[in-house]
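A.B. asks: This structure is in structure tokens; I'll ask about it shortly.
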Amino acid sequence: MIIREYVEQMFKSVPLTEETYQLKQDMLANMEDKYEHLIAEGATENEALGVVITEFGNIDELLTEMGIRKDTEKTVDHYPTMESDAVDGYIKSRQTMGLRIGLGVWSILTGVGGMLTLFGLAPTLNMPGVIGVIFLLPFLIIGIGLLIMEGLRSRDLQAYQSPFVLLPDLRDEIADRKKAYEKSLAFSIMMGVALCILSFVPLLIGLWTTTLSVLPGIGLMLVLIGIGVVFFVYGGNSYYAFTVLLENGKDPACFEEAVKADKRMKKLNYIIDEIYWPVIVLVYLGLGFIIGGNVWSWSWILFVLGGILEDTVKALFESIYKS
Amino acid sequence: MISSDVIRGYNDTFLLSLLSEQDSYGYALSKEIKERTGGQYVIKETTMYSAFSRLKKNKLIEAYAGNITQGKKRTYYRITEDGRKYLEHKQQEWTLTKEVIDKLVERGENK
């Protein structure tokens with residue numbers, strides 16, 4: 001909208017503080033009200049706009065009165081302000097992303113699990129190897145597809161990885177929501193852990209009984225672990241969304257210092273986001289196919305570790321990067 | 001429309017006077033000024049916010065966050081006790097000013 005642009009332009013060289021931010025919002029609201037009122041009275045859009053802009057006045061007069069000095073070096077206007085709609089959108093995207101990454105991993109594990117199960121049925125099947133690989137392929141494609149798709153999508157969320165303006169009210173609201181989410185996170189982790197523990201049942205049955213042979217045991221185990229990973233990754237990503245918002249959303253009152261403080265770290269999170277999971281998948285598949293054999297029975301732990309360690313790895317990289 | 005140079009010194013008083021009736025926010029105040037003067041005086045946005053800033057600094061008004069109306073969270077202003085005293089003083093001053101100016105600037109008829 002033109003009025004917003006006009007006001008942004010007027011405030012372009014005004015240092016961003018809580019006071020000037022509020023001032024800008026107030027003036028913008030007034031001008032929009034005035035514009036709507038004029039339109040309602042039958043003015044054309046151009047007429048209304050003309051009136052609103054003439055009646056804005058002179059920004060220098062106001063700044064002098066308020067004792068605000070203009071910034072010569074411009075940093076402020078490069079940073080967006082996130083309002084509650086945008087914040088909700090981000091949280092939702094993160095949740096979807098977590099779910100899809102989780103499903104991607106699940107799909108890969110299920111593909112591998114199914115393949116192993118089919119290998120295990122060797123005596124009753126013709127060409128179990130071929131059938132197994134044929135079973136693996138669609139799951140592998142869907143799984144890797146999901147991971148790549150979500151990797152690319154994380155680029156859309158890039159705006160949230162660099163500092164943005166978050167008003168104190170909204171920040172408090174997000175902090176509350178984060179706290180409220182802790183229960184769901186605990187539930188997700190509990191489910192994930194429970195499924196991982198449960199996954200030993202088919203393995204043990206495979207190892208020590210005759211009802212199931214070893215390979216199908218491992219296969220079923222992988223499927224169960226895959227479901228567990230969905231819980232880990234979904235819960236983790238949803239929770240991480242709040243953390244990102246609170247970390248990068250800066251109070252306009254001390255925006256400048258905050259920006260300087262984490263300017264250097266900006267890119268890091270991204271690199272991790274985009275390569276972390278794909279690398280884990282590669283290592284997992286690599287280990288399994290190159291070494292082969294009973295590696296499949298333990299290498300799934302990579303996904304579980306990956307989910308649990310995601311934040312830790314990030315923190316580690318950050319501290320290395322900082323020093 | 002009246003020249004804003006002449007009226008400049010009175011903007012603070014206009015706003016105080018309107019706020020002495022009830023708490024209000026930016027657009028409502030400027031609209032009230034426009035309507036009461038039949039469009040003869042329009043206060044500019046920056047002039048109004050300069051006045052708010054001055055009045056706040058002198059503790060004649062206080063700002064507070066209003067409820068969200070039509071999706072916008074507005075800053076409301078209320079007049080303080082000091083503000084009321086100052087307004088009263090300004091009202092007396094205006095009565096006097098009016099008399100003096102009437103006597104000196106008045107056109108023809110009474111002479």
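The values are calculated or read from the model by the stated rules, or taken from the named source; none is laboratory data. Small disclaimer: the values here were computed from a predicted structure and weren't measured. So basically every Cβ, Gly included, is an ideal-geometry build from the backbone, and we count neighbours across all protein chains shown. These area figures cover heavy atoms from the full protein model, side chains too; ligands, DNA and RNA do not enter into them. Shrake-Rupley method; radii C 1.70, N 1.55, O 1.52, S 1.80 Å.
A.B. asks: Tell me, what is the percent relative contact order of the range A:1-117, built from C-alpha pairs under 8 Å that lie six or more residues apart?
C.D. replies: 32
A.B. asks: Taking H placed 1.01 Å from N in the peptide plane, check which residues at least 5 places from residue B:60 or on another chain put their amide H under 5 Å from its amide H.
C.D. replies: Result for residue B:60 returns nothing.
A.B. asks: Rounding to the nearest 20 debye, state how big the charge dipole of chain B is about its Cα centre with +1 on each Lys and Arg Cβ and -1 on each Asp and Glu Cβ.
C.D. replies: 400
A.B. asks: Using a 1.4 Å probe on protein heavy atoms only, how many Å² of accessible area do A and B hide from each other, summed over both chains and rounded to 100?
C.D. replies: Result for this pair: about 2000 Å² buried.
A.B. asks: Could you give the DSSP H helices of chain A that reach 27 angstrom or more along their long axis (alpha carbon positions) and whose average Kyte-Doolittle hydropathy is no lower than 0.5?
C.D. replies: Going by DSSP H runs, the hits are A:84-120, A:128-153, A:214-248, A:266-286, A:301-322.
A.B. asks: Take the Cα pairs of chain A, get the Kirkwood Rh, then feed it into Stokes-Einstein at 20 °C and 1.002 mPa s and tell me D in µm²/s.
C.D. replies: In µm²/s, the coefficient rounds to 92.
A.B. asks: Right, something else. So how much accessible area does residue A:182 have, in Å² to the nearest 10, using a 1.4 Å probe?
C.D. replies: 80
A.B. asks: Also, quick follow-up: Just want to confirm a number: the relative contact order over chain A, from Cα pairs under 8 angstrom separated by 6+ residues, in percent.
C.D. replies: It comes to 23 percent, rounded to a whole number.
A.B. asks: Another one. Using the structure shown, list the pairs from A:34/B:73; A:34/B:57; A:34/A:250; A:24/B:90; A:12/B:31 with a Cα-Cα distance above 24 Å, or answer none.
C.D. replies: Listed pairs above 24 Å: A:34/B:57; A:34/A:250; A:24/B:90; A:12/B:31.
A.B. asks: For the full complex of protein chains and a 1.4 angstrom probe, list A:106, A:300, B:94 by accessible area with the highest value first. Provide the component values of the computation, followed by the final result.
C.D. replies: Working: A:106 75, A:300 10, B:94 110 Å².
In descending accessible area the options line up as B:94, A:106, A:300.
A.B. asks: Would you mind telling me which residue in A:225, A:174, A:290 has the biggest mean-square fluctuation in a Gaussian network model of chain A, where springs connect alpha carbons within a distance under 10 angstrom?
C.D. replies: Per the Cα network of chain A with a 10 Å cutoff, A:290 tops the list.
A.B. asks: Sticking with this one: Could you work out how far helix B:11-21 tilts from the main Cα principal axis of chain B, as a 0 to 90 degree angle to the nearest 10?
C.D. replies: Between helix and principal axis, roughly 60 degrees.
A.B. asks: How large, in percent, is the carbon and sulfur part of the accessible surface of chain A at a probe radius of 1.4 Å?
C.D. replies: Its accessible area is 66 percent carbon and sulfur atoms.
A.B. asks: Can you give the helix-only mean residue ellipticity at 222 nm for chain B, where every DSSP H stretch with n ≥ 4 adds -39500 (n - 2.57) and the sum goes over all residues, rounded to the nearest 500 deg cm²/dmol?
C.D. replies: My calculation for chain B gives -18000 deg cm²/dmol from helical runs alone.
A.B. asks: Counting heavy atoms of the protein chains only and a 1.4 Å probe, report the per residue accessible area for the range B:4-105 as a whole number of Å².
C.D. replies: With all protein chains present, the range B:4-105 gives 58 Å² per residue.
A.B. asks: Across the residues of A:31-37, average count of Cβ atoms on other protein chains within 10 Å?
C.D. replies: 4
A.B. asks: Under the definition of Cα pairs under 8 Å and six or more residues apart, what whole-number percent is the relative contact order of the range B:4-105?
C.D. replies: Reported relative contact order: 29 percent.
A.B. asks: Same structure, new question: Once amide H atoms are built 1.01 Å from N in the peptide plane, which residues 5 or more positions from residue B:74, or in another chain, come under 5 Å H to H?
C.D. replies: Residues meeting the criterion, in which the H sits 1.01 Å from N, are B:66, B:69.
A.B. asks: Same structure again: Compute the distance from the alpha-carbon center of the range A:163-220 to that of the range A:18-70, in whole Å.
C.D. replies: If we compute the Cα centre of each part, the gap is 52 Å.
A.B. asks: In terms of modelled amide H atoms, which long-range or inter-chain residues lie less than 5 Å from the amide H of residue A:164?
C.D. replies: It is A:249, A:250, by chain and number.
A.B. asks: Whole-Hz ³J(HN,Hα) for each residue in the range B:83-98, computed from phi via Karplus 6.51 cos²θ - 1.76 cosθ + 1.60 with θ = phi - 60°, x for glycine and proline: what do you get?
C.D. replies: Taking θ as phi minus 60°, the curve returns x, 5, 4, 4, 4, 4, 4, 5, 5, 4, 4, 5, 4, 5, 4, 4 Hz for the range B:83-98.
A.B. asks: Can you sort A:85, A:251 by solvent-accessible area, 1.4 Å probe, largest first? It would help to have the intermediate numbers written out before the result.
C.D. replies: Working: A:85 125, A:251 45 Å².
Output order, biggest surface exposure first: A:85, A:251.
A.B. asks: With every protein chain present, what is the per residue accessible area of the range A:2-78 (1.4 Å probe, Å²)?
C.D. replies: Heavy-atom accessible area per residue stands at 52 Å².
A.B. asks: With a cap of 14 neighbouring Cβ atoms within 10 Å, and only residues DSSP puts in a loop, list the trypsin sites (Lys or Arg not before Pro) found in the range A:155-195.
C.D. replies: Answer in residue order: A:155.
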